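Structure, as structure tokens:
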Amino acid sequence: MPPKGSKKGSASAPKQTLVLDNGAYTLKAGLVPSTSANPSYDNCSVIPNCIARSARDKRTYVASELSNCKDFGELVFRRPVEKGFIVNWEAQKAIWEHEFLEASAGEGLRCNPKETNLLLTEKPNCPKELQKNCDEIVFEQFEFAAYYRCVGPTLNAWNTSSPSSLPQECLLIIDTSYSDTTILPVYSGQLLQSAVKRLNVGGKLLTNYLKELSSLRHYNMLEETYLLNEIKEAVSYVAPSTQQFCIDLERTWKGRLGDKRTLDSSIVLDYVLPDYEHSSHGYARPHDPAKSRMRRGLQPQQGPREDLLPLGNERFAVPELLFNPTDIGIQEAGLPEAIMQSLNSLPEALKVTMLANVLVIGGNSLIPGFMERLESELRTLVPAEYLLNISRADDPIKHTWLGAARFASHPDLLKHVLVKKTEYDENGSAWLARKFAGGGAK
């Protein structure tokens with residue numbers, strides 16, 4: 001056996017790279033061969049990044065096993081990622097082993113770490129101790145052959161239309177995801193750290209707010225995280241403007257006692273809750289006042305019994321937090337103002353170029369009306385003579401993974417950033433932290 005830290009000259013370089021965008025809500029993962037010409041969204045698998053325990057059937061579901069669950073009532077979730085950072089390695093390790101190493105691993109994801117490179121994404125400003133823990137787990141427990149860790153959204157710069165091995169020069173990334181919303185200016189693949197802004201509003205906060213509103217007004221749904229997240233994704237929309245938000249509030253107000261109003265049926269919906277016997281998922285339908293009276297016992301029951309959750313201003317008041325977090329007491333600027341704060345810390349020439357190349361990624365960008373509201377509010381803040389070009393990625397959930405996969409498909413780029421296990425064994429974690437300092441793909 002060769003001494004620790006020695007390099008085998010005969011050892012061949014791994015022929016594949018596991019590209020892993022380790023999000024708080026889902027993992028985006030895929031194996032990229034070193035000979036891959038042009039990876040696509042189809043090469044990426046989206047896997048729940050959680051371990052769920054059912055209080056009803058007493059089963060535990062690890063990551064992709066969640067798709068086998070039939071009763072989502074009162075599921076207790078254990079998520080290894082908090083605020084974008086891996087904080088529970090016991091859970092994260094179990095998920096990685098289940099999805100990439102064991103017989104349960106999905107088709108196209110199972111690999112031998114000793115014969116595989118790992119490209120792992122992280123959020124900006126990750127605490128050094130958490131980074132050190134991550135590096136030790138990757139090399140000392142999983143024993144990947146080589147490894148590169150970087151800020152994930154910066155890799156979107158490699159999502160260019162040309163097959164060139166050069167990144168897009170200027171790109172302003174708006175990453176609105178489960179944990180938070182982050183503004184990241186990227187120049188030639190490098191993160192401009194001083195201009196990074198973070199808004200503490202993400203999909204998790206929106207779901208929790210909807211849980212509170214529904215529990216206050218209708219049923220106690222504080223334990224129904226999965227169901228409320230499903231409802232949020234199904235019925236939420238962003239009001240076109242602050243003025244329209246106020247108008248919609250008025251249209252969904254029931255009125256005072258003795259001055260009842262007719263609710264606007266174009267906004268108010270009834271969400272039919274699943275019973276987990278005949279149906280595992282609910283659905284939305286137009287509001288029926290008669291059904292509402294039956295639910296409250298004011299009218300005799302007719303037809304099969306249904307559990308209904310009426311949704312009025314919850315539909316647009318919840319995603320409004322992205323634009324006005326002060327609505328629930330979060331003393332932060334809304335997303336458009338935070339974007340301008342980030343840009344105003346850059347030189348004028350760079351600011352102009354960034355505004356012409358704004359890319360929005362993350363699951364919250366899929367909420368209807370989000371892009372239109374963001375563009376209209378940004379336009380009022382940006383000088384009229386500046387070009388504003390804002391677009392959403394074709395698949396905002398997988399887009400960071402695709403950029404990372406395209407970067408990994410260039411062996412000449414990858415070999416300059418990868419750190420081999422033998423190098424780590426020889427130099428240690430402090431050396432590795434300095435090697436990865438900077439956060440962007442080189």
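The values are calculated or read from the model by the stated rules, or taken from the named source; none is laboratory data. It should be emphasised that the depicted structure is a prediction, and the values quoted were computed from it without experimental measurement. Don't worry about glycine lacking a Cβ; one is built from the backbone with ideal geometry, like all the others, and counts go over all protein chains shown. SASA here: full protein model, heavy atoms, side chains in, ligands and nucleic acids out. Shrake-Rupley method; radii C 1.70, N 1.55, O 1.52, S 1.80 Å.
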Open item on the list: I need the shape label for the chain. Rule: rounded when a/c is under 1.5, else prolate if a/b > b/c, else oblate, with a, b, c from the alpha carbon gyration tensor.
Closed with: oblate
Open item on the list: Using amide H atoms built in the peptide plane, which far-off residues or other-chain residues are under 5 Å from Gln16 H to H?
Closed with: Ser34, Asn117
TODO: Provide the packing ranking of 399-405, 220-226, i.e. peptides ordered by the mean count of other C-beta atoms within 10 Å per residue, highest first.
DONE: 399-405, 220-226
Open item on the list: For a quick check: with amide H placed at 1.01 Å from N, whose amide H comes under 5 Å from Phe142's, ignoring anything fewer than 5 positions away on the same chain?
Closed with: none
Task: Residue among Ser265, Gly362, Pro33 farthest towards the positive dipole end of the chain, charges placed on Cβ - done: Pro33
Open item on the list: I need the phi-derived Karplus couplings for region 80-87: 6.51 cos²θ - 1.76 cosθ + 1.60, θ = phi - 60°, integer Hz, Gly and Pro marked x.
Closed with: x, 10, 10, 6, x, 10, 6, 10
Open item on the list: Of Phe77, Trp89, Leu120, which is farthest towards the positive pole of region 45-164's charge dipole, taken about the Cα centre with +1 and -1 on the beta-carbons of Lys, Arg and Asp, Glu respectively?
Closed with: Phe77
Task: For Tyr283, distant residues with modelled amide H under 5 Å away - done: Val272
- [ ] Step through the residues of region 317-326 one at a time and calculate ³J(HN,Hα) from phi using the Karplus curve (6.51 cos²θ - 1.76 cosθ + 1.60, θ = phi - 60°), rounding each to whole Hz and writing x for Gly and Pro.
- [x] 6, 5, x, 4, 4, 5, 9, 9, x, 5
Task: Mean accessible surface per residue for region 137-232, computed with a 1.4 Å probe while every protein chain stays in place, in Å² - done: 35 Å²
Task: Size of electric dipole in the chain: Cβ of Lys, Arg +1 and of Asp, Glu -1, about Cα centre, debye, nearest 20 - done: 400 debye
Open item on the list: Test of understanding: in a Gaussian network model of the chain with alpha carbons linked when under 10 Å, which of Asn49, Asn133, Asn117 would top the mean-square fluctuation ranking?
Closed with: Asn133
Task: Portion, in percent, of the accessible area of region 9-89 that falls on carbon or sulfur, probe 1.4 Å - done: 49 percent
Task: Of Tyr276, Tyr25, Tyr237, the one that fluctuates the most in a GNM where the chain has Cα springs shorter than 10 Å - done: Tyr276
Task: Helical mean residue ellipticity (222 nm; -39500 (n - 2.57) per DSSP H run of 4+; nearest 500) of the chain - done: -8000 deg cm²/dmol
Open item on the list: What FRET efficiency comes out for His416 versus Arg261 if R0 is 41 angstrom and r is the Cβ-Cβ distance? Round to the nearest 0.05.
Closed with: 0.05
- [ ] Compute the length gained on full extension between Tyr283 and Gln243: take 0.36 nm times their separation in residues and subtract their Cα-Cα distance, giving the result in nm to one decimal.
- [x] 11.5 nm
- [ ] Pull out a ≥ b ≥ c, the square roots of the eigenvalues of the alpha-carbon gyration tensor of region 57-204, then state rounded if a/c is under 1.5, prolate if not and a/b is larger than b/c, and oblate in the remaining case.
- [x] prolate
Task: ³J(HN,Hα) computed for each position of region 339-352 - Karplus, 6.51 cos²θ - 1.76 cosθ + 1.60, integer Hz, glycine/proline x - done: 4, 5, 4, 5, 5, 5, 8, 9, x, 4, 4, 5, 4, 4
Open item on the list: Which one, Arg56, Arg373, Arg392, has the greatest fluctuation when you compute a Gaussian network model over the chain with C-alpha springs under 10 angstrom?
Closed with: Arg56
Task: Proximal aspartates and glutamates relative to Lys123, as straight alpha-carbon distance under 16 Å, when same-chain residues fewer than 8 apart are discounted - done: Asp21, Glu82, Asp135, Asp175, Asp180
